[in-house]
Amino acid sequence: MSDETMLDAGVHAIAQAVCAGRVSAVSIARAALERIATRDVRIQAVQTTFDARALEDARRIDEAVKAGRDPGPLAGVPFLVKSNFDVAGYTTVAGSPARLALPEARADAALVARLCAAGAVPVGATHMDELACGATGINPYFGAVCLPADPARMTGGSSSGSAAAVAAGYAPLALGSDTNGSIRAPAALCGVWAVKPGNGRFDLRGCVPYAPSLDAGGGFARSFADLVAFYDALRGHASHDSRAPNDGPIHAPLRVAVLTGGFMQYANADAWRAVQRAAACFEHVAEVAIDEASLTSIRDAALTVSNYELARTHRLLLDVDSSLVSTRLRERIVTGLSIANAAYTQALADREAWHSRLHTLFDSSDVLIAPATPCAAPRFADATIDINGTALDPTKSLGRHTQPISFAALPVLSAPGHGMGELPVGVQLIGASGGEAACFAAGAQIARKSYR
C-alpha cells in the first residue's frame, strides 16, 4: 500500500504500520499535506497547513519507533484542527480577520496536546464560521466551505472545514467545537461520524470561546472505529480497541427512544429516513413526542444564553474596525449586550427545567435518536428550504434539532444515515448526562448493521 493510499486505511492501520516500520510518519504527513494542496481548491476546507510543525512532529514519531519507544496509539495519524484551537507557532484565527494580527499561540490547546501525546500529527487548521457564530459554513471574509459530495451545497457550521476535510479524505480525524450544533450539523451533512461529549467532559483551555457555558470540544472521524480511537485519545486513554469505549454501565440490550413531535414535524423525508434506518438497528424502540411549542421555547432560551455570553466574551470587537467584523456578528454582540441579567438568569432556569425534563426520558431509555438536521445539505443558491410544506431559512434552521440537545448539555454521537447514492444526512444518538458510553454502544450497533 502506498503512503498516499495509507491515508484511507483508517487510524489503527496507519498507527500499526508506523509502529512496525512499514511506513514512516513523515511520509504519511507529507501525503496528507499533498492531498490538501492538490484537492482543497474545490472544497476550501483548510485555512492553513502546518508543514514545518507536521514534519517535525512526524520525525519525532519515527525516531521513537526506531529507538523502541511506544509512540502512542495514534502514532503518525494526521489530524486537522478547527481554527479556534491554539496550535503552538500559529495564529489562532477562529474565522475572524480581526484575529489575523494576533501573535502566534505559545502552546497547544489542551485537546490538541492530548492528540499529540497519543502520537497524532497536526497537519492544518480548518475554516469555520466567524468566531463559531454561524450554522452554514459560509464565512463573509474567508468564503464558503463546500460539501465534498456536491460543491454547490453547504456543509453546515460552524465546524464546517473540519467535517468537510474528513469527508474529503485529507486526514482521518479532525477537532471541532460545538455550542448549538456546530459539530453535529456539519457531520450529518458531510456524512461522517462525530462526537460532542457532555459539556465539561473535555478541557477547553486554548479554544476561543463562543458561549462558555454551552461550548463543548469533540470532533470528526471517517469511521466509527476511528471515532472510538479519537475519543479515547481525547480523554487520555491509550486504546488499540475499535469497540465502544467502556467508561460506564450499559444496559443490554440497549433501550432506544425516537424523538418525534417537533423533531418529526421539521424533518423532511431524507432526514426521517435516516432516523428510521438507525432505529431499525435496535430491538427495543419506543417513541417520545416533544411538541414544537416546547422546542421553540427552549430554542429561544438557548439563543438568550448564547447571545448574552457571546456578547460578554467578544464585546471588545465593537471597538475594532468594522471592516474586520461582519454586520451579523456585530448585531449579535449588540443584541447580547442588551439582554438584561434577569432575562439571562431566567433562561438558565429554563435550561435546568429542560435538562430535568429530558433526564426523565432516560428512566426507560438508554439512548434517544433524533434527526441531526431538517434535511440534506441545501444549495448555496437556496434562499429557503422546504420542510414538509414550510419554507425555512437555512441560515437559521440547520441547527434547530441540535440546539435543544446542546441546551441540556447532553452527550451526542452523530452517525451517518444515508444510503448509497444519496446525499449525506445523519442522526443524533443522545445519551444521559455522563452517558457517553451508551452513545458509543449505540454507534457500534449502527456501525455493525450498516457496515459504516
Q) Just checking, how many residues over region 7-18 are of a type outside the set (Val, Ile, Thr) and buried (at least 20 other Cβ atoms within 10 Å of the Cβ)? A) 4
Q) Do we have Gly124 as part of a strand (DSSP E or B) and under 19 Å from the mean Cα position of the chain (by Cα) here? A) yes
Q | The lone exception for Ser414 - which of (1) buried (at least 24 other Cβ atoms within 10 Å of the Cβ); (2) of a type in the set (Ser, Thr, Tyr); (3) within 19 Å of Glu292 (Cα to Cα) it fails | A | (3)
Q. Do we find a residue being at pLDDT below 95, over 22 Å from the mean Cα position of the chain (by Cα) and surrounded by fewer than 18 Cβ atoms within 10 Å (Cβ to Cβ) anywhere in region 260-279?
A. no
Q | Flag for Val112 being farther than 30 Å from Asp393 by Cα and either part of a helix (DSSP H, G or I) or among the basic types (Lys, Arg) (or both) | A | yes
Q: For region 136-149, indicate whether the set of residues that are small (Gly, Ala, Ser), touching a strand residue (DSSP E or B) at 6+ places or on another chain (Cβ under 9 Å), farther than 27 Å from Glu56 by Cβ and part of a loop (DSSP other than H, G, I, E, B) is non-empty.
A: yes
Q: Kindly indicate the residue of region 334-366 that is without any contact (Cβ under 8 Å) to a residue 60 or more places away in the chain and not in a helix (DSSP H, G or I) and also surrounded by the most Cβ atoms within 10 Å (Cβ to Cβ) among those meeting that condition.
A: Ile339
Q: May I ask you to list the residues in region 52-66 that are of a type outside the set (Asp, Glu) and more than 10 Å from Pro122 (Cα to Cα)?
A: Ala52, Arg59, Arg60, Ile61, Ala64, Val65, Lys66
Q. Would you pick out the residues in region 276-332 that are over 30 Å from Lys449 (Cβ atoms) and not in a helix (DSSP H, G or I)?
A. Asp291, Val320, Asp321, Val325, Ser326
(Q) Could you check region 179-232 and list, in sequence order, the residues that are acidic (Asp, Glu), in a helix (DSSP H, G or I) and in contact with a Leu (Cβ under 8 Å, 6 or more places away or on another chain)? (A) Asp226
Q: Go through (1) touching a residue at least 24 places away in the same chain (Cβ under 8 Å); (2) farther than 20 Å from Lys66 by Cβ; (3) among the polar types (S, T, N, Q) and name the single condition Ser27 misses.
A: (2)
**Q.** Matching entry among Gly134, Gly143 (being crowded, with 24+ Cβ neighbours inside 10 Å, of a type outside the set (Ser, Thr, Tyr) and either touching a residue at least 40 places away in the same chain (Cβ under 8 Å) or in contact with a His (Cβ under 9 Å, 6 or more places away or on another chain) (or both))
**A.** Gly134
Q) When you go through (1) of a type outside the set (Lys, Arg); (2) outside any loop (DSSP other than H, G, I, E, B); (3) closer than 17 Å to Phe263 by Cα; (4) more than 16 Å from the chain's Cα centre (by Cα) one by one for Ile405, which number turns out not to apply? A) (4)
(Q) So, in region 426-452, exactly how many residues are modelled with pLDDT of 95 or more and either assigned to a loop (DSSP other than H, G, I, E, B) or among the hydroxyl-bearing types (Ser, Thr, Tyr) (or both)? (A) 4
Q) Out of all the residues in region 324-377, which are under 30 Å from Ala257 (Cβ atoms) and aromatic (Phe, Trp, Tyr)? A) Trp354, Phe362
(Q) Show the residue pairs meeting these rules: Cβ distance below 6 Å; 6+ apart or different chains; first residue within region 88-105 and touching a residue at least 12 places away in the same chain (Cβ under 8 Å) and on the phi < 0 side of the Ramachandran plot; second residue charged (D, E, K, R) and in a loop (DSSP other than H, G, I, E, B). (A) Ala88/Asp108; Tyr90/Glu104; Thr91/Glu104; Thr92/Asp86; Ala105/Asp86
Q. Quick check, is Ala109 touching a Cys at 6+ places or on another chain (Cβ under 7 Å), within 23 Å of Asp226 (Cα to Cα) and either free of Cβ contacts under 8 Å to residues at least 24 places away in the same chain or buried (at least 23 other Cβ atoms within 10 Å of the Cβ) (or both)?
A. yes
Q: Return the only residue of Glu331, Glu283, Glu309 being exposed (fewer than 13 other Cβ atoms within 10 Å of the Cβ), in contact with a Pro (Cβ under 7 Å, 6 or more places away or on another chain) and on the phi < 0 side of the Ramachandran plot.
A: Glu283
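The values are calculated or read from the model by the stated rules, or taken from the named source; none is laboratory data. In this text the structure is predicted, and so the values were computed from the model without any measurement. Ideal geometry is used to build each Cβ from the backbone, glycine not excepted, and the neighbour counts take in all protein chains shown.
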